[in-house]
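Okay, so here's the structure we're looking at.
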Amino acid sequence: QAQELIPQLSVFAVAAFRLLPSVNQVNHLLSRILFLMPSVDKIYEDLKEAGAEEIEKRQAKETGGLSKAETIRFRDVSFRYPGTEKEILKNVSVEIPLKSSFGFIGSSGAGKTTFIDLLLGLLEPGSGGVFYGNQNICRYAEDWGRKLGYIPQNIYLADDTIRRNVAFGIPDSLIEEDKVWNALKKAQLADFVRSLQDGLDTRIGEVGIRLSGGQRQRIGIARALYQEPEILVLDEATSALDTDTEQAVMEAVEHLKGKCTLIMVAHRTSTLKGCEKIYRVENQKVIPATV
Ligand SMILES: Nc1ncnc2c1ncn2[C@@H]1O[C@H](COP(=O)(O)OP(=O)(O)OP(=O)(O)O)[C@@H](O)[C@H]1O
Ligand SMILES: [Mg+2]
C-alpha cells in the first residue's frame, strides 16, 4: 500500500510545485486589487453621482421634443473657455437655413471648432444662444443630439465588420441591413463593398482589408448617415487627405446637398467651393466671405 502511495504523493508534489507561481501571482494580484480598491470606489461614486445629476438635468430641461424649424440661428453668441480671459467669439450672429450647405474657413486657432462645438451643443454660450427655430438647443440636449451627425477629422474604425462599423454601437439584432446599404450608397461606397467577397461581413483593420484614407473617411460618413441626421457637421473631415482623395470624399458629400443641412469646416477653401455660403471665422467674428 505504502509503495503505491509514494508515487501518488510525488504527483501531488510536482503539481503543487507547478501551481506555486500561479498561486503567488493570484496572491500578488489580490493584494494589488485591495490596494487599488479605494480609487475604484472613488471613481464609482463619482460616476454614480454624475449619472444622477445628468438624469435630474434632463428631467428639468426636457420639456417635450423640438418642434420643426426652418433655421439654425446663432444670436449674439459670445464665448470664452472657463478660466481664460480671451473671448473666442463675441456677439456672433449667423443664420443657417435648414437643408442649405454652409462652409466655414479661418486660420488655425481662430475659433472654428469652438463655433462647431457651440452648434453641436457641446459648449454653452457665455451669453446669447443657439436656436433651432425659436428653441434654444441647450434646453433640448438629447433631442438636438439626435438630429446631428458629426464627422471628425480622424475616424475611429473598430477591428470589426463593415456592417458593425457603419451601424456603430448598435446591437446586431437591431441593425437594419437596408439602412446600412443605403448609408454606404450615399457615402459612395456601396459599389466597393459589393465588390468584396464577404460584402458587409468583410472585416476592416488588422485582420481584414486595409482601407485607403478616403475610404475610411467615407465609412465615417456612412456611419453618420446611418443615423439619418437632419444636420451633418464635418470639422476638417478631409484635411488629412491628399487633394485627389479629398475630391472623392467631397463628391460623396456633394450628393447629400439638399437632403440634409451641411455644415463644413475646411482648411482649404477649394474644399468648400460647392457650398452655398461661406463664412470666415476671424477676430472673434463670423463674417460672410468670398472665395
Ligand atoms: N479647451 C480649451 N480651453 C482653453 N482654450 C481653448 C480650448 N480649446 C480651444 N481653445 C482656444 O480657443 C481658440 C480657438 O480654438 P479652436 O479649436 O476653435 O480653433 P480652430 O479655428 O478650430 O483651429 P484649427 O484650424 O487649428 O482647428 C484657440 O486660441 C485655442 O487655443
Ligand atoms: Mg479646429
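One table, with the values for the structure above:
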{"item": "Residue ID - modelled with the lowest pLDDT, chosen from residues in segment 240-265 that are farther than 15 Å from residue 228 by Cα and of a type in the set (Gly, Ala, Ser)", "result": "240"}
{"item": "Residue check for residue 150: under 17 Å from the mean Cα position of the chain (by Cα), open to solvent by 70 Å² or more (accessible area, probe 1.4 Å) and modelled with pLDDT of 90 or more", "result": "yes"}
{"item": "In segment 59-78, the residues that are hydrophobic (A, V, I, L, M, F, W, C) and modelled with pLDDT of 95 or more", "result": "72, 74, 77"}
{"item": "Residue in segment 137-145 that is within 16 Å of ligand 1 (Cβ to nearest atom) and open to solvent by less than 60 Å² (accessible area, probe 1.4 Å) present", "result": "no"}
{"item": "Single residue of segment 183-219 satisfying the filter (at pLDDT below 85 and more than 18 Å from residue 248 (Cβ to Cβ)) that is surrounded by the most Cβ atoms within 10 Å (Cβ to Cβ)", "result": "208"}
{"item": "Members of segment 73-114 found to be closer than 24 Å to residue 230 by Cβ and within 7 Å of ligand 1 (Cβ to nearest atom), listed by number", "result": "112, 113, 114"}
{"item": "Failed item in (1) open to solvent by 20 Å² or more (accessible area, probe 1.4 Å); (2) small (Gly, Ala, Ser); (3) more than 30 Å from residue 241 (Cβ to Cβ), with residue 78 passing the rest", "result": "(1)"}
{"item": "Residue 84 loosely packed, with under 11 Cβ neighbours inside 10 Å, within 23 Å of residue 283 (Cβ to Cβ) and of a type outside the set (Gly, Ala, Ser)", "result": "yes"}
{"item": "Meets criteria (open to solvent by 20 Å² or more (accessible area, probe 1.4 Å), in the same structural domain as residue 148 (by TED's automatic domain parsing), outside any strand (DSSP E or B) and farther than 22 Å from residue 146 by Cα) for residue 31", "result": "no"}
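The values are calculated or read from the model by the stated rules, or taken from the named source; none is laboratory data. Just so we're clear, the structure is a prediction, and the values are computed from it rather than from any experiment. So basically every Cβ, Gly included, is an ideal-geometry build from the backbone, and we count neighbours across all protein chains shown. Just so you know, the surface numbers come from the protein's heavy atoms only, side chains and all, with ligands and any DNA or RNA stripped out. Shrake-Rupley method; radii C 1.70, N 1.55, O 1.52, S 1.80 Å.
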